[in-house]
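Enquirer: Let me give you the structure first, and then I'll get to my questions.
The values are calculated or read from the model by the stated rules, or taken from the named source; none is laboratory data. Because the structure is predicted, anything quoted here is derived from the model rather than measured. Note that each Cβ is placed from the backbone with ideal geometry, even for glycine, and that neighbours are counted across all protein chains shown.
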Amino acid sequence: MKILILNGSPKGEISVTMQYMKYIEKKFTKDEFIYENIAFDIKKYLKDSSLLDALMLKVEECDGVIWAFPLYYMTVCSQYQRFIELIFENNYKEYFKNKFAASFSTSIHFYDHTAHNYIQGICDDLDMKYTGDYSSKMDTMMKEANRISLERFFDNFKWCIKNNNYMEKRYQPVNRPVNTIGNYEIENKLDISNKKVLIISDSKKNDNLSKMVDMASKYLDGKLQMQNLHDLDIKGGCLGCLKCSFDYNCSYTGKDEYIEFYKEKVMKADIIIFAMNMANRLYSCKWKEYFDRSFFMTHTPSIINKQIGIFVSGPVSKTENIEEILRSYIELNNSNYIGLISDEANDTDKISQNIYRMLHKVVYSSRASYIKHETFRGIAGKKIFRDDMIGGLKGIFQADHKYYKKHGFYDFPQKNYRGRFFAFIIRIISLVPVIRANFHKGIKEQMIANYKKYL
Ligand SMILES: Cc1cc2nc3c(=O)[nH]c(=O)nc-3n(C[C@H](O)[C@H](O)[C@H](O)COP(=O)(O)O)c2cc1C
């Protein structure tokens, strides 16, 4: 069989993900593997459209496509996403239609599910025959059981192709609404004096997002900072070179405006609005580039104690992924997720009213210094970082290690000796048959006993 590997690593061939593909190639000698370094070569594809045409012929000729990528900020890297946008912008959809597809990733399993959701959605949009995903931890090839599992993944993919077996479409198409923003009248503007308020957007001239941002600025009284990402000199996406890992020193330092903007504006703001245009099933790759480049701060929370609200122009209700990713990103950074509003409502004034409500809440929460507790997203994410850091990453990510140590992130094994002692005693006394038989009788009262002194 002819298998086309669309390599989503900005590192090109020198990629962990590609080692997994090479392993499969070594094991399945009768199959032909064609590699395209999509993310690495993105600038070439953008410059020369004939390269894209040539690639489409390869898509047409192959029996199956593997979207093989490293996780970058809960999805794929911005360069790969740009390629996906190019497919739709250039009407190359037909080449992918009915082609068998699988998505494969390497990562540390931090939000790998959102990345695969995204790729599955893209396959559905391209009318591909999506067969499933495989998410490998980046260093699992060293164990035989994992190598066997990897071989089975590919065997399974081939079996699906031979037997015309694929998944039902899971995602509905996303169509863009173009609704009027309206002009919800207010009596008093929101006072933002003494607050640093920053709106970051990727709006384009006269698009709906620019109107949402304009409306927001009308509701605020005070100095507002705005940054359009298209006007910021960003030389390119994250290269995955890890130069930042010792001391947050990015290889782009001094070469473009991103780092200074991030340190001076983003990190110092009290309130941030992410104003985002959707592209296909995600925010645009311009925004993706923004997130990927923030990796110069590696795994250290860098936008702490901020109030963050999201404006989205696009059919965000059709894809849960966006809110899931953004909320997680905000929780992991110890900031307060206020919510997300969009331009989906077709009722005049509803959108501007929602903009006002969002800003009102953002400003109120900032004055009240309200940071709500994290959900599973932030808590589980931090535990993965903590464990991987202890498990070896701290050798490379030295800056994170210093921060984690200083801020008590290494909270396992737990030192809760009192709790551990009581758990031990309960386990022992519950072995006595009469205690065991009556143990659960008063358990509801026991569970609330400690709360009484506060009530
Ligand atoms: C900018 C950046 C963002 C990353 N984001 C994630 C992530 O969200 N989740 C995760 O599990 N791993 C993440 N990683 C780790 C990579 O996915 C992992 O190291 C991968 O194996 C690298 O593969 P490659 O060598 O093929 O590029 C990130 C790495 C970088 C450099």
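Enquirer: Given the structure, is K44 within 17 Å of N7 (Cα to Cα), assigned to a helix (DSSP H, G or I), more than 16 Å from the ligand (Cβ to nearest atom) and without any contact (Cβ under 8 Å) to a residue 24 or more places away in the chain?
Expert: Here the answer is yes, as K44 does meet what is asked.
Enquirer: To continue, here is another question. Which ones in region 115-154 are closer than 29 Å to V174 by Cβ and either of a type in the set (F, W, Y) or in contact with a Leu (Cβ under 6 Å, 6 or more places away or on another chain) (or both)?
Expert: A115, Y118, Y130, Y134, F153
Enquirer: Output the helices (runs of 4 or more DSSP H) that fall wholly within region 358-455 and possess 2 or more residues being modelled with pLDDT under 95, or say none. Break it down into steps so the answer makes sense when it comes.
Expert: Details: elements: 376-390, 398-406, 417-429, 433-438, 443-448.
It comes to 417-429, 433-438, 443-448.
Enquirer: For residues that are within 27 Å of the chain's Cα centre (by Cα) and more than 16 Å from V316 (Cα to Cα), tally how many sit in region 174-200.
Expert: 5
Enquirer: Further question on the same structure: Of (1) within 16 Å of the ligand (Cβ to nearest atom); (2) buried (at least 16 other Cβ atoms within 10 Å of the Cβ), Q19 satisfies all except one. Which?
Expert: Unmet condition: (2).
Enquirer: Turning to a different aspect of this structure: Can you spot a residue in region 22-34 that is among the acidic types (D, E), within 16 Å of the ligand (Cβ to nearest atom) and assigned to a helix (DSSP H, G or I)? Before you say what the answer is, go through the steps one by one.
Expert: Going residue by residue through region 22-34, those that are among the acidic types (D, E) are 25, 31-32.
Right, trim to within 16 Å of the ligand (Cβ to nearest atom) and you get 25.
Filter once more, so that each one left must be assigned to a helix (DSSP H, G or I): 25.
Yes, region 22-34 has at least one match.
Enquirer: What single numbered condition from (1) of a type outside the set (A, V, I, L, M); (2) over 24 Å from the mean Cα position of the chain (by Cα); (3) surrounded by fewer than 18 Cβ atoms within 10 Å (Cβ to Cβ) fails to hold for S352?
Expert: (3) is the only condition that S352 fails.
Enquirer: Looking for whichever is under 18 Å from I5 (Cβ atoms) and either among the polar types (S, T, N, Q) or touching a Gly at 6+ places or on another chain (Cβ under 7 Å) (or both) here; the options are F110, F69, F104, F96. Which one fits?
Expert: Details: F110 fails: under 18 Å from I5 (Cβ atoms); F104 fails: either among the polar types (S, T, N, Q) or touching a Gly at 6+ places or on another chain (Cβ under 7 Å) (or both); F96 fails: either among the polar types (S, T, N, Q) or touching a Gly at 6+ places or on another chain (Cβ under 7 Å) (or both).
Criteria check complete, one pass: F69.
Enquirer: Something else about it: G408: out of contact with any strand residue (DSSP E or B) (no Cβ under 6 Å at 6 or more places or on another chain), free of Cβ contacts under 8 Å to residues at least 12 places away in the same chain, within 16 Å of the ligand (Cβ to nearest atom) and among the small types (G, A, S), yes or no? I'd like the intermediate steps shown before the answer.
Expert: Numbers: out of contact with any strand residue (DSSP E or B) (no Cβ under 6 Å at 6 or more places or on another chain): yes; free of Cβ contacts under 8 Å to residues at least 12 places away in the same chain: yes; within 16 Å of the ligand (Cβ to nearest atom): no; among the small types (G, A, S): yes.
When the stated conditions are applied, G408 does not pass them.
Enquirer: Looking only at region 249-261, which residues are buried (at least 19 other Cβ atoms within 10 Å of the Cβ) and within 16 Å of the ligand (Cβ to nearest atom)? Walk me through it before giving the result.
Expert: If we filter region 249-261 for residues that are buried (at least 19 other Cβ atoms within 10 Å of the Cβ), which is where we start, we get 250, 252, 258-259, 261.
Selection gives C250, Y252, Y258, I259.
Enquirer: Can you list residue pairs whose Cβ atoms sit under 6 Å apart, with the first residue in region 365-376 being within 16 Å of E324 (Cα to Cα) and the second being part of a helix (DSSP H, G or I) and among the acidic types (D, E)? Count only pairs 6 or more apart in sequence or on different chains.
Expert: Qualifying pairs under 6 Å: E374/E331.
Enquirer: Still on this model: What helices (runs of 4 or more DSSP H), lying completely within region 62-154, carry at least 1 residues that are near the ligand (Cβ under 9 Å from one of its atoms) and modelled with pLDDT of 95 or more? Steps first, answer last, please.
Expert: Numbers: elements: 78-89, 93-96, 112-125.
Fully inside region 62-154 and qualifying: 112-125.
Enquirer: Which numbered condition trips up K265, out of (1) among the charged types (D, E, K, R); (2) more than 21 Å from N346 (Cβ to Cβ); (3) away from the ligand (no atom under 16 Å from the Cβ); (4) without any contact (Cβ under 8 Å) to a residue 24 or more places away in the chain?
Expert: (4)
Enquirer: Right, here's the next one. Any idea which of (1) free of Cβ contacts under 8 Å to residues at least 40 places away in the same chain; (2) hydrophobic (A, V, I, L, M, F, W, C); (3) surrounded by 22 or more Cβ atoms within 10 Å (Cβ to Cβ) is the one A68 doesn't satisfy?
Expert: It is condition (1) that A68 fails.
Enquirer: Quick one: what pairs do we get from region 284-300, first residue touching a residue at least 12 places away in the same chain (Cβ under 8 Å) and more than 11 Å from the ligand (Cβ to nearest atom), second among the aliphatic types (A, V, I, L, M) and not in a helix (DSSP H, G or I), C-beta under 6 Å, 6+ apart or different chains?
Expert: W287/M276
Here is a yes/no grid of residues against (1) at negative phi; (2) of a type outside the set (F, W, Y); (3) within 20 Å of the chain's Cα centre (by Cα); (4) outside any loop (DSSP other than H, G, I, E, B):
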residue: V213; (1), (2), (3), (4): yes, yes, no, yes
residue: K218; (1), (2), (3), (4): yes, yes, no, yes
residue: Q227; (1), (2), (3), (4): yes, yes, no, yes
residue: G237; (1), (2), (3), (4): yes, yes, yes, no
residue: G240; (1), (2), (3), (4): no, yes, yes, no
residue: N249; (1), (2), (3), (4): yes, yes, no, no
residue: D256; (1), (2), (3), (4): yes, yes, no, no
residue: Y262; (1), (2), (3), (4): yes, no, yes, yes
residue: K268; (1), (2), (3), (4): yes, yes, no, no
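Enquirer: Follow-up question, since we're still on this one. Among L332, L282, which is out of contact with any strand residue (DSSP E or B) (no Cβ under 9 Å at 6 or more places or on another chain), of a type in the set (A, V, I, L, M, F, W, C) and crowded, with 20+ Cβ neighbours inside 10 Å?
Expert: Numbers: L282 fails: out of contact with any strand residue (DSSP E or B) (no Cβ under 9 Å at 6 or more places or on another chain).
When all the criteria are applied, what remains is L332.
Enquirer: Take region 222-246 and flag every residue that is within 16 Å of the ligand (Cβ to nearest atom) and not small (G, A, S).
Expert: Within region 222-246, I234, K235, C238, L239, C241, L242, K243, C244, F246 meet the criteria.
Enquirer: Yes or no: region 407-426 includes at least one residue that is of a type in the set (S, T, Y) and more than 32 Å from the chain's Cα centre (by Cα). Let's see the steps before the verdict.
Expert: As a first pass, look at region 407-426 and keep what is of a type in the set (S, T, Y): 410, 417.
If we keep only those that are more than 32 Å from the chain's Cα centre (by Cα) as well, we get 417.
Scanning region 407-426 turns up at least one residue that is of a type in the set (S, T, Y) and more than 32 Å from the chain's Cα centre (by Cα).
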